[in-house]
Every structure is written in C-alpha cells, then in structure tokens.
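Please read the structure below before turning to the comments.
Every read-out reported here was derived from the displayed coordinates using simple, explicitly stated rules and does not represent laboratory data. The shown structure was predicted, so the numbers you read here are calculated from the model rather than taken from an experiment. Neighbour counts run over all protein chains shown; Cβ positions are idealised from the backbone, glycine included.
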Amino acid sequence: MPEPLPNPIIEIQNLRFQYPDGKVALEELTLTIFTGEKVALVGPNGAGKSTLILHLNGIFQGKGSIRVKGVDITSKTLEKVRSMVGLVFQNPDDQLFSPTVYEDVAYGPVYMGLPKAEVHARVTAALNAVHMQGFEQNVPFHLSGGEKKRVAIATVLSMQPEILVFDEPTAGLDPRSRREFIELLEELPQTMLIATHDLDLVQRMTNRVVVIDRGKIVADGSPEQILGDHALLLAHGLA
Amino acid sequence: MLFSPNQMHIPDGFLSGIVSIVLWLVSIAVLAIALRKTNKTLGDREIPLMGVLAAAIFAGQMLNFSITGGTSGHLLGAALATILLGPWSAVLVLTSVVAIQALIFQDGGLLALGANIFNMAIVGVFSANLVYTLIRKVSMGKSWSILVGGFVAAWTSIFIASLAAALELSISGTSPANLSIPAMGGIHALIGIGEGLITTGALAFIYASRRDLFTPEKAEAGTGKLVLIAGGILTLILAILSPLASSHPDGLEWVAEQQGFIEKAQEAVYNLIPDYTFPGIDNPTLSTIIAGVIGAILVFGVAFTVAKLQKKQAAN
Amino acid sequence: MRTHDFYEPRVSVVHQSDARVKVILTLAFILAINLLPPGTWANYLLFLSLIFSAEILSRLGIGYHLKRSLLALPFVLAALPLLFTLPSPYHSIPIFGVNLQISQPGLERFLSIAVRSWISIQAAILLAASTRFPDLMIALRMLKIPPIFVAIISLMWRYLFVIIEEATRLERARSSRSGAAPYGSARPGGRVWWRAKVTGGMVGNLFLRSLERSDRIYAAMLSRGYNGNPPTATIAPLNRQETLTIVLGLLTFLFLLFTGLTLGV
C-alpha cells in the first residue's frame with residue numbers, strides 16, 4: 001500500500017449498485033483517493049469501472065456513501081459535487097454538442113451562472129491548458145479525434161474541478177495523438193482517476209493502481225507491484 | 001431517461017369510430033404518395049436513411065430541458081425533419097415514430113393511430129413546410145432565415161397539430177370545442193416555443209457542421225407547389241375553423257350539432273340492422289347484471305384452467 | 001432502461017399464437033369497442049371480461065396490464081368537461097365543500113370514454129407484451145402494409161436502442177457539466193432559452209451521427225448484395241385452426257357490437 005496521504009478527496013464507503021435488470025455491478029466497494037494522487041483503475045470489460053466512475057458525480061446513485069472533499073453526494077449536493085469532479089467521457093462526440101468550440105467549453109461556466117468576463121477568462125484558460133488556443137470558433141464536429149479529446153477535457157477544465165476522472169482516455173487514438181495526449185495529461189496538476197486498459201499509460205503516469213473485477217476491488221498498490229504481478233494480471237484479464 | 005407520454009398522442013377511446021376511420025383513410029392515402037415520392041428521389045437509400053433518422057427523432061424526443069418547477073420541454077421533431085429531409089421523407093419518418101410509439105409503447109392508440117399520424121406526421125409536416133418555405137423565399141435564401149424559419153415552422157407545426165387534435169376530440173363529442181380548442185391551443189402555443197428553440201438549436205449545430213445539407217439541390221424535389229398548397233389549405237382550415245368552432249356563440253351547440261350529424265349517420269347505418277334484443281331481456285340494468293355474471297364466470301373459468309395447467313406443468 | 005420491457009416472454013397460448021391472429025383480433029377488438037354507443041354497460045363488461053380472460057391466458061396477469069394501462073390516464077382530463085357541459089338532468093354532488101352540478105348524460109359519456117379507453121389500451125399492451133417484434137412485422141406485411149414501410153420500421157427498431165444509448169450518453173455528459181460554483185452566490189442553470197438551445201445542439205449531434213450511421217449501414221447493405229428491395233421471406237398461410245380462431249373472435253366481437261347497438265340505443 002502507498003503511504004496514506006493526509007488529505008482524502010474522494011471517500012467511497014460500501015458502495016453497492018444494482019442495475020434495474022438485477023445485475024449487480026458494484027459490491028460493497030470501499031476506496032479512498034487522496035489529493036494529488038494519480039490513480040489508475042484497471043480491470044476487464046464489464047468489471048464495473050464505468051459504473052463506478054458514473055457514481056463519482058452522482059449520475060448513478062447506489063447504496064453506500066460517497067464523499068467528495070467531505071461533501072456527501074445527495075440530490076441536494078449534486079450540482080456542487082459536479083463542479084468539483086470533472087468527468088471526461090470515452091467518446092468525445094458524446095460531450096460536444098455546440099456549434100463552436102467556444103460554446104462547448106463555456107457550457108459549464110455559463111450553467112454555473114458566472115459573469116460573462118469570467119466565463120471568457122475560464123474558456124481561454126481551459127483552451128490554453130489543452131493547447132487548443134485559436135480553435136475558439138472552430139466547429140467541434142470537424143476536429144480530429146485527438147483534438148476532440150482535448151476540447152472534451154477543456155469543457156471540464158473550465159469548471160475548475162479539483163479531480164479529473166477519465167474513462168478510457170486513449171482508446172481509439174492513433175499513436176501520435178496518443179503520445180501527445182499522455183504528455184498533456186502529465187502537465188495537468190489535478191488529482192486524477194483514470195479507468196483504462198492501457199497498461200503503458202498506467203506505468204508512465206500513475207502512482208497507484210486499483211484493480212477491479214466483478215464489482216469488487218481485488219488489488220490496490222503501486223504500479224510496480226501490480227504490473228509486476230503477472231499471475232494477478234492474468235487472473236483478471238489484463239494480460 | 002424514461003419514456004414520457006406526450007399529450008399530443010390521443011389514446012384509443014377518445015375519438016369516435018367514424019372520426020378514427022376517416023382519418024386512417026386520409027393518412028393511408030398521404031402515406032402512399034409519400035412512399036412513391038421518396039422512393040423516386042432516394043431509391044435504395046430510402047430504407048436505411050428513413051429508418052435510422054426515425055430512430056434518431058424518437059431518441060431526440062427523449063432529450064429535454066428543464067423549464068421551471070419540474071416541467072420540462074422536449075421535441076416532437078416534425079419541423080426539424082421537414083427542413084432537413086423535405087416534406088415527403090419527413091412524413092415517413094414521423095409516421096414511423098408515431099407508429100412504433102403506438103404499437104410498442106402504447107403512447108397513442110391503435111385505432112387512433114390514423115388520427116395521430118394525421119396530426120403529427122401530416123398536419124405537422126405540411127404546415128412546417130409551408131411556413132419554412134415561405135420564410136426562406138421572402139428572405140431570398142439568406143442564411144439567417146434557416147434559424148428564423150426553423151423557429152416559426154416548429155412553433156406552427158405544434159400549434160396547428162394541436163388544433164387538429166382538439167377539433168377531432170370535439171367532433172367525437174369527447175371534449176367541448178369551446179373548452180378543448182382554447183385549452184389545447186393555448187398549452188401548445190407555449191410548448192411550441194420550446195419546440196422552436198430546440199429546433200433552432202439543432203439547426204444551428206447542423207448548419208455549423210454540415211452546411212451542405214441546406215443547399216438547394218439537396219432539398220427534396222417534392223417541395224413543389226402542390227405540397228405547399230396542401231399545407232396552406234390544411235393550415236388555413238385549422239387556423240380559421242378552430243377559433244370559429246370555439247368562439248361560436250354556443251360552442252356546445254356546435255358540438256351537439258356535429259354530434260347530432262354523426263348520430264344521424266350512425267342511425268342510418270343501424271336502421272339497416274333489424275331490431276334485435278336478447279330473447280326476453282330488454283331492460284338495460286338487467287342485461288348489465290347478466291353480462292356481469294357471464295363475464296365473471298368466463299374470467300373465473302379461464303383463471304381456474306390456467307392455474308390447473310400450471311400445477312400440472314409444475315408436477316411434471 | 002424501461003423501454004426494453006415491452007416484450008415479456010412467457011409460455012402461454014397467447015404468446016404462442018400466430019402474430020397475424022393477434023394483430024387482427026386486437027385491431028378488431030379495439031374497433032368494436034370504440035363503435036359501441038356510450039352507456040352500453042353490459043357490452044363493456046363483456047368486452048372487459050374477454051380482455052381479462054386473455055390476460056390471464058397470457059400468464060402475464062391482470063395486474064401487469066392494470067399497471068401499464070395507467071399510462072393513458074392523464075388523457076381523461078380532456079373528457080372531464082363533459083361532466084358539466086352536457087344537458088340535464090343534473091345531480092348535485094358535494095366535493096370539498098362545493099356543490100358540483102354534474103350532468104347525468106355527461107357522466108355517462110365520460111365514464112364510457114374512460115372505460116373504452118382503458119379496455120382498448122389493455123388490448124394493445126397484451127399484443128405488444130406477448131409478441132416479438134419480428135413477428136409483429138410479418139403480421140403487418142400480411143395486412144398489406146407496403147414492404148418498404150415495414151422495412152423502414154424494422155430498421156428503425158434495429159437501431160433504436162443503439163441511438164437511445166447515444167442519447168443517454170449525451171444526457172450524462174451534459175448532467176456531469178451542470179454544476180454550481182462552490183463559492184459565490186451565482187444561481188446555477190443559465191437561462192431557459194439557452195438550456196433549450198443546448199438541448200437542440202444535442203438533438204443536432206444525434207441527428208448528424210445518425211445520418212452518418214445510415215451511410216455506413218447503406219454501405220454494409222450494398223456489400224451484402226442489397227438491391228433496393230427489402231428482403232421478403234415467404235410467409236406460410238394461416239392454418240385451419242388459426243383461421244378458425246380469427247373467425248370465432250370476429251363473430252364474438254360482432255355479436256357484442258351488434259347487441260350493444262340495438263339494445264343500448
């Protein structure tokens with residue numbers, strides 16, 4: 001186990017989630033993530049990674065408790081939590097629905113009710129952070145896959161979240177876009193939780209790996225520990 | 001996201017048999033023309049294009065935005081489909097949506113399906129087409145008129161379709177015209193604003209991303225004069241007839257008159273059938289009681305048999 | 001998602017019957033009951049017992065149908081004014097301390113509409129819950145619905161849940177970004193017209209992606225030798241027992257309609 005950092009940012013306690021069809025997706029899952037950590041969430045398809053991620057800002061609400069910076073996620077705190085936890089979805093096409101890049105990145109700040117000048121400042125800062133300045137008036141639909149991914153991150157960064165959560169961030173990117181994308185992730189200072197199958201990405205940029213299978217955490221350790229345990233990887237469909 | 005029933009879909013039981021059948025016949029006739037026209041312009045692209053876009057409109061109807069106090073606005077899509085695909089394809093797409101909603105989800109009745117197709121897929125599309133084409137013409141094809149035309153067309157499609165529905169309910173004797181027309185029309189004049197805004201938002205997105213879809217040669221050849229005239233007639237009749245019907249000195253009398261006419265027609269049909277009564281039973285109360293007993297025995301008998309069969313199966 | 005629950009597999013006579021028999025009988029049943037004049041309670045009761053019996057036979061049960069039939073309930077509001085606008089005799093009924101003058105013919109017509117609607121929707125529910133979609137399509141073709149139209153609806157069905165899933169993901173992505181500023185007094189939500197416009201953008205996104213999807217489907221269809229005509233499998237004619245079921249069913253409905261028309265008027 002890594003040295004527990006003093007400052008927990010996400011505390012999940014006994015989370016249990018069942019789909020309406022009766023399939024149990026998460027079983028008594030307990031996990032704490034600390035400020036500044038870069039955590040990889042790995043596991044085979046259908047292990048419950050995406051389901052877990054969708055709990056982190058209350059899109060799904062299972063049994064048990066989740067606290068974000070000490071705030072319990074309930075129907076009343078949803079909007080507050082959503083500005084603290086930024087979710088970047090696997091397919092950027094699901095996240096981009098405006099005629100211009102600017103409007104897409106501005107969605108979060110405008111929804112928050114921020115004044116125009118601040119919205120503008122946040123959009124500029126977010127686009128700078130993902131190296132997409134100058135693309136404000138472009139049409140998101142026409143961007144390349146890698147560019148769409150960057151804009152998708154900017155749409156979340158403009159809300160100034162404290163933790164970024166990614167679902168399969170490198171899936172579907174060509175090798176160069178992938179490399180540039182990982183370089184970008186390395187620049188971002190936020191606490192991160194990254195659900196991925198990309199073990200090279202895990203090795204390069206995380207300092208903690210959580211293995212999840214059938215809705216349960218089966219291992220939690222440093223990348224060296226987990227990636228070095230071939231038997232573990234084999235048992236959970238990762239090698 | 002749950003499937004939410006729409007107030008525009010009339011369930012079975014609310015329209016008289018005759019109104020339902022007449023509107024079925026009208027809808028079938030229009031659909032036959034639409035199938036011929038789209039097949040001519042699209043050829044073998046017709047099935048995949050219409051099918052997938054119908055699914056997209058259905059799914060798009062599930063997206064909503066909150067208005068206030070738990071109410072939310074969502075799309076019907078008649079104007080959007082008309083603007084992007086042309087009227088005949090839009091008729092087919094909307095018909096597919098309304099048909100699946102009735103057939104699988106019981107949103108709108110099966111006997112009332114003809115009327116629902118007429119209101120949403122025919123009146124909705126034709127009135128939207130008329131308004132959009134006129135605004136585009138007047139503006140000499142300037143690009144701002146796509147959004148303005150889209151907004152007005154969407155609003156018109158909802159408003160006029162709701163008048164059609166209200167009129168059908170009054171003619172059926174279900175809802176008095178002097179109440180149903182202002183009520184339906186008033187509510188949908190508001191709902192139409194939401195339709196207009198969503199349609200405009202969708203058009204802005206699509207115009208930014210795929211301008212080629214708005215070039216004239218892409219538009220369907222079916223926007224001929226006949227469609228416009230049909231749209232004009234439908235829109236005018238509904239826009240003029242409805243206030244007339246509801247502001248008639250006594251709207252009730254007007255309904256009664258309509259009702260009387262239909263009843264007379266029904267009587268004429270029934271007069272062909274010789275008088276017939278249950279032997280020895282002509283008292284309605286008594287026959288209701290007897291029907292109740294027969295029904296109870298029937299239901300009980302079936303339940304008993306099924307239960308017995310189930311037991312037998314379990315034993316095997 | 002609840003929309004998946006329309007077909008409820010059971011081993012029952014109703015499920016196993018040919019879809020064509022079910023479609024014809026359902027349509028005839030709904031037509032017959034909607035042609036009945038208001039106030040023919042005896043005939044409504046018999047129609048109700050018929051649909052109840054069929055529901056029990058289907059092993060889906062009456063309760064299942066009652067629950068789903070609530071869907072049409074809000075619409076009875078449209079007929080409510082009849083209670084007050086139809087002619088006398090009036091009865092005064094105290095509700096919440098107010099004496100309401102309710103017309104007797106109005107009440108009769110209102111209840112007739114509600115009952116008719118309630119029985120009709122149960123028949124439609126039974127058809128959808130006991131029949132697989134492809135069988136339903138075969139039945140539609142037999143009812144002389146043009147094959148092209150049936151093919152369009154079938155293709156729509158084939159991709160409907162894929163596209164609904166897309167819409168769900170768009171919706172999730174929007175909700176995730178609908179947050180409140182952690183400090184300050186700004187009220188979240190933005191303006192109504194802006195929210196509507198964003199929803200429009202989502203619809204536009206869905207529409208364009210579906211348009212591109214249809215191109216891919218078309219290419220796939222061409223590569224499998226599609227020539228513009230919907231594939232048509234030969235349909236076996238109805239056997240004697242199925243024909244008999246239809247004839248008996250139609251005769252029953254006709255009898256109930258006929259007695260309703262002559263007794264009730």
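With contacts taken as Cα pairs under 8 Å at a separation of at least 6 residues, chain A carries a relative contact order of 27 percent. Oblate is the label for chain C, because a/c, from the alpha-carbon gyration tensor with a ≥ b ≥ c as root eigenvalues, is 1.5 or above and a/b does not exceed b/c.
Out of every Cα-Cα pair that the protein assembly as shown contains, those further apart than 53 angstrom amount to 21 percent. Between B:L236 and A:Q13, the distance separating the two model label sites (each 7 Å from Cα on the Cα→Cβ line) works out to 7.2 nm. Across segment B:73-86, rounded Karplus estimates of 3J(HN,Hα) from the backbone phi angles (6.51 cos²θ - 1.76 cosθ + 1.60, θ = phi - 60°) give x, 8, 9, 9, x, 4, 5, 4, 5, 4, 5, 7, 10, x Hz, Gly and Pro being marked x. Under a 5 Å amide H cut-off, with hydrogens placed 1.01 Å from N, A:R208 pairs with A:K38, A:A40 among residues at least 5 apart or on other chains. Residues whose amide H lies under 5 Å from that of A:A25, counting only those 5 or more places away or on a different chain, are A:F17, A:Q18, A:Y19; hydrogens are built 1.01 Å from N in the peptide plane. Estimated purely from DSSP H runs of n ≥ 4, each contributing -39500 (n - 2.57), the mean residue ellipticity at 222 nm for the protein assembly as shown is -19500 deg cm²/dmol once divided by its residues.
How charged is the neighbourhood of C:M142? Take every other residue with its Cβ under 15 Å from the Cβ of C:M142, and add Lys/Arg as +1 and Asp/Glu as -1.
Numbers: positive: C:R20, C:K22, C:R141, C:K144; negative: C:D18, C:D135, C:E242.
Neighbourhood net charge equals +1.
Once the Cβ-Cβ distance of B:V138 and B:I229 is raised to the sixth power relative to R0 = 25 Å, the FRET efficiency obtained is 0.90. Per-residue Karplus couplings for segment C:186-198, computed as 6.51 cos²θ - 1.76 cosθ + 1.60 with θ equal to phi - 60°, are listed in order as 4, 7, x, x, x, 7, 4, 5, 5, 4, 5, 5, 4 Hz, Gly and Pro entered as x. For C:G39, the residues whose amide H sits under 5 Å from its own are C:S112, ignoring neighbours fewer than 5 places away on the same chain, with H placed 1.01 Å from N.
Suppose R0 equals 25 Å. What FRET efficiency, 1/(1 + (r/R0)^6) with r the Cβ-Cβ distance, do B:V293 and C:Q104 give to the nearest 0.05?
Working: r = 26 Å, r/R0 = 1.03.
Efficiency at R0 = 25 Å is approximately 0.45.
Label separation (A:D200 vs B:I18): 7.7 nm, computed from points 7 Å beyond Cα along the C-beta direction. The alpha carbons of segment C:105-153 give a radius of gyration and a Dmax of 16.1, 47 Å, in that order.
Using only atoms on other chains, find how many Cβ atoms lie within 10 Å of each Cβ of peptide C:183-194 and report the average.
Numbers: counts 0, 5, 1, 7, 2, 10, 7, 7, 2, 8, 7, 7.
For this peptide, the per-residue mean of nearby foreign Cβ atoms is 5.
Counting partner chain Cβ atoms within 10 Å of every residue's Cβ in C:106-119, what's the average?
What the average comes to for C:106-119 is 3.
Could you sort the peptides A:222-235, B:186-199, A:60-73, B:167-180 by per-residue average Cβ neighbour count (10 Å cutoff), highest mean leading?
Working: A:222-235: 14.6, B:186-199: 23.0, A:60-73: 16.6, B:167-180: 25.0.
By packing density, highest mean first, the sequence is B:167-180, B:186-199, A:60-73, A:222-235.
Using a 10 Å cut-off on Cβ to Cβ distances, tally the other chain neighbours for every residue of A:50-59 and report the average as a whole number. Intermediate results must be reported in sequence, preceding the final value.
Details: counts 0, 0, 0, 1, 3, 0, 1, 6, 2, 5.
Mean inter-chain Cβ contacts per residue within 10 Å come to 2.
For segment B:27-32, 3J(HN,Hα) computed residue by residue from phi via the Karplus equation (6.51, -1.76, 1.60; θ = phi - 60°) reads 4, 4, 4, 5, 4, 4 Hz, glycine and proline entered as x.
Taking label positions 7 Å along the Cα-Cβ direction at both A:E224 and C:R187, the computed distance is 5.6 nm, reported to one decimal. Geometric descriptor of segment C:114-228, per residue, is 202 Å³ (volume of the convex hull of the Cα atoms).
Scoring A:36-46, B:152-162, A:174-184, C:38-48 by mean Cβ neighbours within 10 Å over their residues and listing the highest first yields B:152-162, C:38-48, A:36-46, A:174-184. Taking the square roots of 5 times each eigenvalue of the Cα gyration tensor of segment A:90-206, largest first, gives ellipsoid semi-axes of 24, 16, 12 Å. Neighbours of A:Q137 by Cβ distance under 13 Å: Lys/Arg scored +1, Asp/Glu scored -1, total -3. A protection proxy built from the mean count of other Cβ atoms within 10 Å ranks the segments B:40-48, A:93-101, A:19-27, most packed first, as A:93-101, B:40-48, A:19-27.
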